[in-house]
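Comments concern the structure below.
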Amino acid sequence: MALGDCWKQLCWFYYQYLLVTALYMLEPWERTVFNSLLISVAGMAVYTGYVFMPQHIMAILHYFEVVQ
Amino acid sequence: MARTAAVANFKPKLNHNGLKCEDTEKNGYRSRKEKNGPGTGFASRQHQQESFEQAPMYVAVMTYLGFGIVTLFGYLRDFLRAVGLEKCNLAQEREEQKDFVPLYQDFENFYTRNLYMRVRDNWNRPICTLPGPVFDLMERVSDDYNWTFRFTGRAIHNVINMGSYNYLGFAENRADFLQTVADTMHQYGPGVCSTRQEMGNLRIHEELEELVADFLGVESSMIFGMGFATNSMNIPALVGKGCLILSDELNHTSLILGARLSGATIRVFKHNNMHSLEKMLKEAVCSGQPRTHRPWRKILIMVEGIYSMEGSVVRLPEVIALKKKYKAYLYLDEAHSIGAVGPSGRGVTELFNVNIDDVDVMMGTFTKSFGASGGYIAGKKELVDYLRSHSHSAVYATAMTPSVTEQIIRAMKCIMGKDSSTEGIRRIRQLAENTRYFRARLKEMGFIIYGNDDSPVVPLLLYMPGKVVAFAREMLDRKIGVVVVGFPATPITEARARFCVSAAHTRAMLDQVLHHLNEVGDLLCLKFSRRKHFSPPDLCDETDFELDS
């Protein structure tokens, strides 16, 4: 059904990601290493955004004198 | 661009018969009326369409990204091996030699250890039947990520063969065709046990040499037992120190090896680029040898008929015009084009309808279109007689086996029509038709294909290393055997799959291959072409040149 199709589509996207980054050629543990590195870096970026975005937005609005 | 203009200017005037008439002049090249071979009612090609489309930028970026990631992991694995956390399965220096000059640290070894070994199940696959249009493969699996293989004992049957150089389908084992070969084997035995100059010159060799000379329309020819050795051992006999060799960028290793062994100065011109060649010729004639400025003893231009990695065809009329203007010699290597192009299979000289005497040294191999092994050099009688005594191959290499010689004789007679059947011409036409159909359909589907529309070698660009490997595996799962090539045989960003169309492929087989290619292309996202798809070539007579400079 829709969930099955969605899962197939996600599998296909993961396959494309493996092909493009050439992880397809590497062994499973190397894939794990690379994926965890990528997820940790992405996670850190998201966390930093979450922590600092309100301050940055307030600073921008203050600069443009939209809010005091 | 200038390249387009150069091609568009070359339109020979035709008289009412369709034969070239006397007064075509371009760069001093004057064409004479040619006696056309059998089955030709039309004159030379009026245009050659070659395309080398560039992929979009993101493809190049992703290719570099893929290679970068695998290289980083390669360094990691090398580190683990050096530290001792992982067993090294390849050759390593001994403990006592660790202070010596390192043997395995160069890029080539790094590449082999960390990229090639991971995926080498796609190459060197053992086959169990003859390499006809379909064949059987042995099934093999690996338990340790391709360091070692073991055979399961089963075979994969009826895999369509898109990788063998079987252009005219002579790699066959029909008993009625091979009767003469079997008889020759009974008569002469398998081995010759001598070189041509000692006791190995058999009557059958002389018969083949006369046949080759007749086939090509030259005075005389000489055959050798190995195609690679034909190039590498005969070029040193023709040129030496004080001579200049102008060789195309993408020449085969045998030509490069022969040129290096000869001791002549080698200069490389850009692939099929006449401006680059002319500039080099001009400079060579004006400046002479590097320090002394004496004139060069000989200038030899080395080109191939069809370049096997690109599928492009040499611009023969223009090269001949240049060679006549600057008084150089021409060495034409027709390994892939003899038997495969031209209305009666005589190669690129027939394709462009040039005078055979304009090409000084014609070389070719019997491995591709004739289903045998060996090579030949043909030309004027003085040249061939000189080679008979001065070539390394003639003096030191064992002569060609009689049964192989007979196979070439029967294949060549078939092509020439001398066995009083139309089988030869039927195969040539079938190959031309298969080539056109296959290329047109692939372009229509949206793949990037390199090369000339007449060449039976079809490189399909894959670019990314992960996709190269996945493509080969997917096609094998669908029972189609393809050859994929990556670095170092091609530039690092242009990995490709190379298809060799054969006259033995039926339309049904090609359709099956194309159907699976379509599916795999969608699955792996390989359709990078950005050109607008135009109608099949036999419906339009005006081509649009989409050449990227």
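The values are calculated or read from the model by the stated rules, or taken from the named source; none is laboratory data. From a predicted model like this one, the values you see are computed outputs, not experimental measurements. So basically every Cβ, Gly included, is an ideal-geometry build from the backbone, and we count neighbours across all protein chains shown. To get the accessible areas, we keep the full protein, side chains included, count just its heavy atoms, and leave off ligands, DNA and RNA. Shrake-Rupley method; radii C 1.70, N 1.55, O 1.52, S 1.80 Å.
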Checklist outcome for this item: Checked against (1) closer than 24 Å to B:Y145 by Cα; (2) among the hydrophobic types (A, V, I, L, M, F, W, C); (3) free of Cβ contacts under 8 Å to residues at least 60 places away in the same chain, B:F100 satisfies every condition except (1)
Next on the checklist: Give me the strands (runs of 3 or more DSSP E) completely within the range B:197-309, filtered to those with at least 1 residues that are surrounded by fewer than 19 Cβ atoms within 10 Å (Cβ to Cβ), ordered by residue number.
Outcome noted: B:265-269
Item to check | Whichever residue in the range B:129-150 is assigned to a strand (DSSP E or B) and without any contact (Cβ under 8 Å) to a residue 24 or more places away in the chain and, among such residues, is nearest to the chain's Cα centre (by Cα) | outcome: B:D136
Checklist entry - Restricting the range B:53-101 to residues that are in a helix (DSSP H, G or I) and of a type in the set (S, T, N, Q), which is most open to solvent (accessible area, probe 1.4 Å)? => result B:Q97
Checklist entry - So is B:F110 more than 13 Å from chain A (Cβ to nearest Cβ) and open to solvent by less than 30 Å² (accessible area, probe 1.4 Å) or not? => result yes
Item to check | Which listed residue is without any contact (Cβ under 8 Å) to a residue 60 or more places away in the chain and open to solvent by less than 10 Å² (accessible area, probe 1.4 Å), from B:V341, B:V313, B:V319, B:V354 | outcome: B:V319
Item to check | the range A:1-40: number of residues that are more than 17 Å from B:L523 (Cα to Cα), open to solvent by 90 Å² or more (accessible area, probe 1.4 Å) and within 14 Å of chain B (Cβ to nearest Cβ) | outcome: 2
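Only one of B:N518, B:N452 is under 23 Å from the mean Cα position of the chain (by Cα) and farther than 24 Å from B:N124 by Cβ; which?
Selected residue: B:N452, the only one of B:N518, B:N452 that is under 23 Å from the mean Cα position of the chain (by Cα) and farther than 24 Å from B:N124 by Cβ.
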Item to check | Count of the range B:54-94 residues which are in contact with a strand residue (DSSP E or B) (Cβ under 8 Å, 6 or more places away or on another chain) and more than 10 Å from chain A (Cβ to nearest Cβ) | outcome: 2
Item to check | Residues satisfying the stated conditions in the range B:359-381, i.e. within 14 Å of B:F228 (Cβ to Cβ) and open to solvent by 40 Å² or more (accessible area, probe 1.4 Å) | outcome: B:T367, B:S373
Checklist outcome for this item: Across (1) under 30 Å from B:M117 (Cβ atoms); (2) assigned by the TED database to the domain that holds B:S262, B:T490 clears everything bar (2)
Item to check | One residue from B:V384, B:V395 being closer than 23 Å to B:A229 by Cα and at pLDDT below 90 | outcome: B:V395
Checklist outcome for this item: Filtering the range B:495-528 for residues that are of a type in the set (V, I, T) and assigned to a helix (DSSP H, G or I) leaves a count of 2
Next on the checklist: Is it the case, given these coordinates, that B:A399 is among the hydrophobic types (A, V, I, L, M, F, W, C), crowded, with 18+ Cβ neighbours inside 10 Å, touching a strand residue (DSSP E or B) at 6+ places or on another chain (Cβ under 9 Å) and not assigned by the TED database to the domain that holds B:R125?
Outcome noted: yes
Checklist outcome for this item: Per the filter on the range B:420-451, residues open to solvent by less than 10 Å² (accessible area, probe 1.4 Å) and free of Cβ contacts under 8 Å to residues at least 60 places away in the same chain are B:R439
Checklist entry - Does the range B:473-483 contain at least one residue that is within 30 Å of B:M138 (Cβ to Cβ), surrounded by fewer than 23 Cβ atoms within 10 Å (Cβ to Cβ) and within 14 Å of another protein chain (Cβ to nearest Cβ)? => result yes
